[in-house]
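Here's the structure we're looking at; comments come further down.
Since every read-out is calculated from the coordinates, none of them should be taken as a lab result. Remember, predicted model here, so these are calculated numbers, not experimental data. In this analysis, Cβ positions are derived from the backbone assuming ideal geometry, glycine residues included, and neighbour counts consider all displayed protein chains.
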Amino acid sequence: MKHRTMLETTRTYVARITNHSQVRDDLDQCGFSASKLWNVGRYYIQQRWDGDGEIPAESELKSELKDHERYRTHR
């Protein structure tokens, strides 16, 4: 049986914000929402792990997060 090797590419983009005063509040809100979603995801995974010893599938976790209020308000 042949095993396929998955290639992974990571890119880092660097940008300079020149109108910080105009976008500061929006960036802060995006950061806050991202932090909340991260915490919701970690909590969901931990609850599943504690309940049945399983880590939820990617599709299940995405579905759970897409129903969260922080995701819906910033799409």
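If I go through the range 47-72 residue by residue, how many of them are closer than 16 Å to Ser35 by Cα and among the aromatic types (Phe, Trp, Tyr)?
1
List pairs: first in the range 32-43 and free of Cβ contacts under 8 Å to residues at least 40 places away in the same chain, second outside any helix (DSSP H, G or I) and surrounded by 13 or more Cβ atoms within 10 Å (Cβ to Cβ), Cβ under 7 Å, 6+ apart or cross-chain?
Leu37/His68; Val40/His68
What number of residues within the range 16-75 are of a type in the set (Lys, Arg), over 18 Å from the mean Cα position of the chain (by Cα) and either assigned to a helix (DSSP H, G or I) or surrounded by 10 or more Cβ atoms within 10 Å (Cβ to Cβ) (or both)? Before the answer, list the steps.
In the first step, residues of the range 16-75 are kept if they are of a type in the set (Lys, Arg); the result is 16, 24, 36, 42, 48, 62, 66, 70, 72, 75.
Filter once more, so that each one left must be over 18 Å from the mean Cα position of the chain (by Cα): 16, 24.
Applying the additional criterion that residues be either assigned to a helix (DSSP H, G or I) or surrounded by 10 or more Cβ atoms within 10 Å (Cβ to Cβ) (or both) yields 24.
Residues flagged as of a type in the set (Lys, Arg), over 18 Å from the mean Cα position of the chain (by Cα) and either assigned to a helix (DSSP H, G or I) or surrounded by 10 or more Cβ atoms within 10 Å (Cβ to Cβ) (or both) within the range 16-75 amount to 1.
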